[in-house]
Every structure is written in C-alpha cells, then in structure tokens.
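Data block below; observations after.
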Amino acid sequence: MTPYRPESTRSDGSPQPEAAYLPRYLPTVLASLSRWEETSGEQGEVIVVDNASTDATAHMAATFGVRVISQSVRSIGRVRNSAAAAAHGRRLFFTDADVALPMEAITAAAAAMDTGAVGGAIPPLYTPKRLGARLLCAYWDHYRTAHGGAQGVAQFATAFKEVGGYQDDLFMSEDVDFFARLTAHGRATAAPVAILADLRVRQARPTALIAGIQHSVSKTGLGVLAGHPHHGLAVSEFVRRRAPQTDGTHLAVLHPPFAPPQPSHPMTRTRSVLMVNPIPAKGSDLLHQLIRAMPEQHFTLVEGWWNTADQFTAYPNTTFVARVYDMNPLYRSHRLLLVPSTVEDAFPRVIIEAALHGTPSIGTDRGGIPEAIGPAGIVLPHTAGPQAWADAIRTADHALGEQARQHAASFTRPRLPDLETLGIYSATNTSST
C-alpha cells in the first residue's frame, strides 16, 4: 500500500511525484509478495492508494496489475486506513512508494505473526549523502528504535481494527503513534511485536537504477523519457514504436501483468454484448448507431470515467451498469466485448481481462488494440461504419471464445523473469530494482 508522502522531494526542494518512484520500488513489493506466495501457498494482493495525485500515479500503478483506490483527503493516516478498509486479507503490510522492500520482508513478517506475534516492523535504512542529513536520520533512527515505528509495518487485520487504525489528524509520525498502540495491544494480549531489524528497508536514492513506464502515447506517458531513465518500459509494442529514442535509455516492451481468473461457478453466457466506458473517446458515437441499427441485440454498458447513463435511457435494448470493481461476472456472462475506441489506446486491459473469461473482442485498429486482441478476435478498420460492426457482431464465431482464452493466458505469466532478463530486477539484489 503506497500512500502519498509530502516529505518526498526533488533535489530543488519541490515535491517529488509518486509516479517517479512507482516504477523503481513497486516491483520490490511485488517481488516480496511473490516470494511469500511461493513459499506459503497463499494468495495476497497489493493495493495502491492514489491520494489526490496530479500525475500519472494511478494509471502507472494499474499497469503493474495492482488494485488502485482513491482517497481525496490529504491525510497519511486516512490514506492508510482507506487501504486497510479495502483489503481482504487477514494480514496487513504497509509500506511507502519511496521504499525498496527486501525480498524476504513479507515472508518474514508473516512468519513472525504465524508464530505468535500480533505484528511486526522493519526499521528503515536511511543513506543520505550530506552530513547534516545523516545526523538527523541517525537521531530519527534512534527515536524510532526507542518509541517504535518503521517503514514496513505488518499486523493482523483484527489487531488493526482493535487498536483503531492510524490517527488521521497527524501530519507525520502517524506510524510511531500507531506502532506504540499496537505494541501496547500486544502486551495486553500476550502477543509480542516483532522488530525485524535484519531486514532494513531502503529509502529512495537518486543513484538507484531507474525504469520509466510508458503507459500511453500521450505527453504524460512518453514524457517519462525526458528524465533519461536507464530503461523505458512500454506497455505494448505500439507504444514502443511511438516512443522517441533517448540517449542512455534502453527501450523494451513489458506488457501489463494479469492474474488468471479464480475458479468460479459456471454462468450462463447470454447473447448480450458488453462495452465498458461508453464515452466519445471510446466510441460511444458508433455505439449509438449500433444500438439503433440492431434493435434485436441487447447491449450491456458499464460506467467508466464518468456516468453517461442518461444518454442511453431511451433505448429499450440496453442495460447500463454503474461502475463496478469486480467485472468477472460480466465478462463470464457476455458473448462479446466491443472496443470501438477512436483514440490510440496503449494496451486496453479490458480486452485481456475479458478474454481470460472466454469473451472475445471486436475492436478497431487504433493503437494497441489489435496487439491485445491478437488472432483471437475481430479487428475492424477505424473507418468501419455501423453496418460492418453489426455484421461482425452477428457472425462472430463461437470458437473465438476459447481462442481468446488461450491467447490471454500468455499474459498471465510472471513478469519478474522479464525484468531480470532486462537487467532491472535481480533475484539476489533487490536494491537494483
């Protein structure tokens, strides 16, 4: 869980966008979680809290396949509490966006809790260059040791609720206050708090290897190359082709990670077709024409960036679904996904997510849409009119569903080996991530 940290600054003293840290340090969290999942056989999740950011934090985090939630109030305690409320697991582990997490961190914290600890913490390792900063960090390290608190804090979800979570009126030291209450709770319940001092987390350092995520071909998406990262990771081959060559930056494609669907009860697949985010940029003008031209066809529309339900209320053959965060039942119950975007989408996640549930897509040839659909769907020219789309919907082969599932399965492979091949991630040296 990576909340906003107002003390993160650039060398000139101005705030450092969290999006600059995510490509460097979020992979260390994913690697640590992956190590724990491999050794424990359990499943975990990573939640990133977008705390009223004005950069690409939310979009960039989503490209890593993590769950992103929003908290508009600038309060570090409220941010952490929001993440805890959204979490489903019985253990909670908090860290910050500007922290490199040791590979063994989550495994060690979970092991401590499994052997009787109510929670635990990993002291931070500060490595500033200036003498004054080193002295200040040494004092802060001593204070944390004496009073509790750390960059990586873990505890059982029940204990988190029992101590009341984080105070949301503290601008800083919220972790010290929380850890003191967690320690007191541990004493009262005869459950110790484990200090994992040999797994010190690292704060962000300008000497770290930097990888910039090119999540789109927009000015923001390609703008990460202006900072001359060591690696530029494009989310699709389409984005890589559009990325400008930058001296000292190695460009490569790293498709977003996807999780295979969890086993579920079979659902009856209807004849309805599905579209997510029915707005003009995503092809709603064509959608209106299709709905009118195919009165016998039912359309399910899912709210995306904003609510456009009032634009479709007059149609008897449409159902508008308010924004949902579990799309799986919708994917499993529809026969086709429509992606008539008029803009150059980088690599629409919705195509792969639907395909993993056996729902193929019909999309335009814009941006990375053909790359995501691959050979297991229908790609139409962006100039195609409603008649061509209607014909494609009516004649779509049922065999496309299984083909789409097989195509999408290739995107569920672990991404850490890809990062290791590129030299970004080392299984024996997490600080190089």
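Where residues in segment 52-79 are hydroxyl-bearing (S, T, Y) and open to solvent by less than 60 Å² (accessible area, probe 1.4 Å), which of them is nearest to Q214 (Cα to Cα)? Please lay out each step first, then the result.
Residues of segment 52-79 hydroxyl-bearing (S, T, Y): 53-54, 57, 63, 70, 72, 75.
Applying the additional criterion that residues be open to solvent by less than 60 Å² (accessible area, probe 1.4 Å) yields 53, 57, 63, 75.
Numbers: S53: 18, T57: 12, T63: 10, S75: 29 Å.
Checked segment 52-79; the qualifying residue nearest to Q214 (Cα to Cα) is T63.
Would you tally the residues in segment 392-411 being in a helix (DSSP H, G or I), open to solvent by less than 70 Å² (accessible area, probe 1.4 Å) and either more than 17 Å from V235 (Cβ to Cβ) or touching a helix residue (DSSP H, G or I) at 6+ places or on another chain (Cβ under 7 Å) (or both)? Talk me through it step by step, then tell me what you get.
First, pick out the residues of segment 392-411 that are in a helix (DSSP H, G or I): 392-395, 400-411.
If we keep only those that are open to solvent by less than 70 Å² (accessible area, probe 1.4 Å) too, we end up with 392-393, 400-401, 404, 407-411.
Checking which are either more than 17 Å from V235 (Cβ to Cβ) or touching a helix residue (DSSP H, G or I) at 6+ places or on another chain (Cβ under 7 Å) (or both) leaves us with 392-393, 400-401, 404, 407-409, 411.
Residues meeting the conditions: 9.
Filter segment 105-127 down to the residues that are outside any strand (DSSP E or B) and at pLDDT below 80, then identify the one that is surrounded by the fewest Cβ atoms within 10 Å (Cβ to Cβ). Spell out how you get there, then give the answer.
Step one: filter segment 105-127 for residues outside any strand (DSSP E or B), giving 105-118, 123, 126-127.
This time we only want the ones that are at pLDDT below 80, so: 123, 126-127.
On the way: P123: 19, Y126: 18, T127: 12.
Step by step, filter segment 105-127, then rank; the result is T127.
Which pairs turn up if I take residues in segment 298-317 that are under 15 Å from V276 (Cβ atoms) and open to solvent by less than 10 Å² (accessible area, probe 1.4 Å) and look for partners that are of a type in the set (K, R) and part of a loop (DSSP other than H, G, I, E, B) with beta carbon separation below 8 Å, at least 6 apart in sequence or on another chain?
As it stands, the answer is V302/R323, since those pairs meet every condition given.
Out of everything in segment 138-168 that is at pLDDT 85 or above and assigned to a loop (DSSP other than H, G, I, E, B), what residue ends up being nearest to S75 (Cα to Cα)?
D168
Residues of segment 337-356 being within 20 Å of the chain's Cα centre (by Cα) and within 19 Å of R271 (Cβ to Cβ), which ones?
Pass one, segment 337-356, residues within 20 Å of the chain's Cα centre (by Cα): 345-356.
Scanning segment 337-356 gives A354, A355.
Which residues, counting only those in segment 46-85, are within 13 Å of the chain's Cα centre (by Cα), not small (G, A, S) and not in a loop (DSSP other than H, G, I, E, B)?
I47, V48, V49, D50, T57, H59, M60, T63, R67, V68, I69
If P375 meets every condition in (1) crowded, with 16+ Cβ neighbours inside 10 Å; (2) touching a helix residue (DSSP H, G or I) at 6+ places or on another chain (Cβ under 9 Å) apart from one, which number is that one?
(1)
Here are some residues: A259, A208, A252. Which one is modelled with pLDDT under 90, of a type in the set (A, V, I, L, M, F, W, C) and touching a strand residue (DSSP E or B) at 6+ places or on another chain (Cβ under 9 Å)?
Details: A259 fails: touching a strand residue (DSSP E or B) at 6+ places or on another chain (Cβ under 9 Å); A252 fails: modelled with pLDDT under 90.
Among A259, A208, A252, only A208 is modelled with pLDDT under 90, of a type in the set (A, V, I, L, M, F, W, C) and touching a strand residue (DSSP E or B) at 6+ places or on another chain (Cβ under 9 Å).
Open to solvent by less than 60 Å² (accessible area, probe 1.4 Å), touching a residue at least 40 places away in the same chain (Cβ under 8 Å), within 26 Å of S236 (Cβ to Cβ) and β-branched (V, I, T): is that true of V324 in this structure?
Details: open to solvent by less than 60 Å² (accessible area, probe 1.4 Å): yes; touching a residue at least 40 places away in the same chain (Cβ under 8 Å): no; within 26 Å of S236 (Cβ to Cβ): yes; β-branched (V, I, T): yes.
Against the criterion (open to solvent by less than 60 Å² (accessible area, probe 1.4 Å), touching a residue at least 40 places away in the same chain (Cβ under 8 Å), within 26 Å of S236 (Cβ to Cβ) and β-branched (V, I, T)), V324 does not qualify.
Quick one: count up the residues across segment 346-358 that are assigned to a loop (DSSP other than H, G, I, E, B), crowded, with 23+ Cβ neighbours inside 10 Å and in contact with a Lys or Arg (Cβ under 7 Å, 6 or more places away or on another chain).
Filtering segment 346-358 for residues assigned to a loop (DSSP other than H, G, I, E, B) gives 346-348, 357-358.
If we keep only those that are crowded, with 23+ Cβ neighbours inside 10 Å as well, we get 346-348, 357.
Then keep just the ones that are in contact with a Lys or Arg (Cβ under 7 Å, 6 or more places away or on another chain); that gives 357.
Here the count works out to 1.
Within segment 2-51, how many residues turn out to be modelled with pLDDT of 75 or more, over 19 Å from F64 (Cβ atoms) and open to solvent by less than 40 Å² (accessible area, probe 1.4 Å)?
Step one: filter segment 2-51 for residues modelled with pLDDT of 75 or more, giving 26-51.
From the residues that got through so far, the ones that are over 19 Å from F64 (Cβ atoms) too are 39-42.
Retained after the next criterion (residues that are open to solvent by less than 40 Å² (accessible area, probe 1.4 Å)): none.
Of the residues in that region, 0 qualify.
Can you tell me how many residues within segment 238-261 are closer than 27 Å to P414 by Cβ and either free of Cβ contacts under 8 Å to residues at least 24 places away in the same chain or open to solvent by less than 60 Å² (accessible area, probe 1.4 Å) (or both)?
Looking only at that region, the number is 14.
Is at least one residue of segment 394-411 hydroxyl-bearing (S, T, Y) and in contact (Cβ under 8 Å) with a residue 60 or more places away in the chain?
Pass one, segment 394-411, residues hydroxyl-bearing (S, T, Y): 395, 410.
If we keep only those that are in contact (Cβ under 8 Å) with a residue 60 or more places away in the chain too, we end up with none.
The answer is no; no qualifying residue exists.
Starting from segment 179-198, take each residue that is under 15 Å from A112 (Cβ atoms) and in a loop (DSSP other than H, G, I, E, B) and list its partners that are open to solvent by less than 50 Å² (accessible area, probe 1.4 Å) and of a type in the set (S, T, Y), counting only C-beta distances under 9 angstrom and pairs at least six apart or across chains.
P192/T183
Which of the residues spanning segment 284-336 are within 22 Å of the chain's Cα centre (by Cα) and in a loop (DSSP other than H, G, I, E, B)?
Within segment 284-336, the subset within 22 Å of the chain's Cα centre (by Cα) is 302-306, 322-331.
Passing the criteria: E303, G304, W305, W306, A322, R323, V324, Y325, D326, M327.
The values are calculated or read from the model by the stated rules, or taken from the named source; none is laboratory data. What you are looking at is a predicted structure, and each value in this text was computed from that prediction instead of being measured. Virtual Cβ from ideal backbone geometry, glycine too; neighbours counted across all protein chains shown. Heavy atoms of the whole protein, side chains included, go into the accessibility calculation; ligands, DNA and RNA do not. Shrake-Rupley method; radii C 1.70, N 1.55, O 1.52, S 1.80 Å.
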